[in-house]
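Before any comments, here is the structure.
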Amino acid sequence: MPTTSQTILITGVTRRVGAHLAGHLLDAGHRVIGTYRRETDALHTLIERGLIALPLDLLERDRLTNFADQLAARVERLDLVVHNASIWHADADCAADPSLATVMYTVHVTSPIELTEALQRVLPARVRDDGQASRQVVFLTDAHIDEGEPQHIHYIASKAAIEGSIRSLALRYAPHTRVNAIAPGLLMFHPGDNADYRRQRLARRLLPFEPGPGVVAQTIDYLMACPLINQAAIRLDTGRRWGN
Ligand SMILES: NC(=O)c1ccc[n+]([C@@H]2O[C@H](COP(=O)([O-])OP(=O)(O)OC[C@H]3O[C@@H](n4cnc5c(N)ncnc54)[C@H](OP(=O)(O)O)[C@@H]3O)[C@@H](O)[C@H]2O)c1
């Protein structure tokens, strides 16, 4: 873990992984900017703990430059960007309303790439005196890209698209910025998931436990601590049973 306080932007901190990660990084003494659409109790608690909260809807692509300018007015540097915000529509819903597939591509692929570009323009990263990149960009993708998800082809395709971009982005931004991905499998159930569903999902794992959002925070700590990791997509899925 870097000893100095880092300035960190996380998209989508209103609940679950984003809220946990923001709290974890605030506890570690970092300056954390979190984006939100809806105001939640979790968001208000984070604000009380020091979070700088800025509204952002990734579906409003024409406002991304505005958002970057707004951020640059609040902070003079940016060390880590975590693209966490996500939306999860099943293929059946996309068939009923084809615009939902586009929504997932916008939230997971187009807007995060455009936001990353806009941030580089207004808050440029640099090569530090020790030769290391001053910035890291991390995308939250999904381990099911490897495993397959027959009911969520559009969601998985959009996550695969952004994971597929990390090599190109890292080439564009070297040597001042590193670009990595964290690809979780099941992290946490939704409150409405019933006992049968939970049993089935856990039975598919090599290590059948519900890890919770803390494993993403542990991986972010690792990526921040190790300056050599670039163009990596780290699977957080307990391993896989290939071929059976
Ligand atoms: N949880 C898991 O088991 C799991 C497994 C694999 C991968 N992941 C990945 O890990 C990340 C976090 O997962 P999660 O379960 O915590 O997600 P989540 O509960 O669905 O939360 C998603 C966040 O994204 C925000 N968001 C949604 N649409 C947005 C938009 N148009 N503009 C801006 N923000 C938007 C939401 O904000 P609002 O509340 O304001 O709408 C919310 O804060 C995601 O990228 C997900 O794909 C999670």
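Listed values, structure above:
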{"read-out": "Per principal axis, descending, Cα span of the range 22-104 in whole Å", "value": "45, 27, 20"}
{"read-out": "Rounded to 10°, Cα long-axis angle of helix 153-164 versus longest principal axis of the chain", "value": "30"}
{"read-out": "Principal-axis tilt of helix 214-225 within the chain, Cα atoms, nearest 10 degrees", "value": "40"}
{"read-out": "Counted charge near LEU54, where neighbours are those whose Cβ lies closer than 12 Å (Asp, Glu -1; Lys, Arg +1)", "value": "+1"}
{"read-out": "Beta bridge orientation in the chain: antiparallel %, DSSP, nearest 5", "value": "5"}
{"read-out": "Label-point gap, in nm, between ILE229 and VAL215 - each point 7 angstrom along Cα→Cβ", "value": "1.4"}
{"read-out": "The range 50-121: trypsin sites (Lys or Arg not before Pro) falling in loop per DSSP and having at most 16 other Cβ within 10 Å", "value": "ARG77"}
{"read-out": "Part-to-part distance (alpha-carbon centres) for the range 1-44 and the range 196-244, which is given in Å", "value": "20"}
{"read-out": "Part-to-part distance (alpha-carbon centres) for the range 120-141 and the range 62-96, which is given in Å", "value": "17"}
{"read-out": "10 Å Cβ shell holding at most 15 others, DSSP loop, GluC sites (Glu not before Pro): longest site-free stretch of the chain", "value": "77-244"}
{"read-out": "Rotationally averaged projected area of the chain (alpha carbon convex hull; nm²)", "value": "13.7"}
{"read-out": "Simple spin-label estimate for LEU59 and VAL75 in nanometres, 7 Å along Cα-Cβ", "value": "2.6"}
{"read-out": "Within the range 130-228, chymotrypsin sites (Phe, Trp or Tyr not before Pro) in DSSP loop having at most 15 other beta-carbon neighbours inside 10 Å", "value": "PHE189, PHE209"}
{"read-out": "In the range 11-56, the trypsin sites (Lys or Arg not before Pro) that fall in loop regions by DSSP, at most 12 other Cβ within 10 Å", "value": "ARG38, ARG49"}
{"read-out": "Rg/Rg_globular for the range 102-217, with Rg_globular taken as 2.2 N^0.38 Å and Rg from C-alpha atoms", "value": "1.28"}
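Each value in this text was obtained by applying a stated rule to the coordinates, not by laboratory testing. In this text, all values refer to a predicted model and were calculated from it rather than measured experimentally. With ideal geometry, Cβ positions are generated from the backbone for all residues, glycine too; neighbour counts draw on all protein chains shown.
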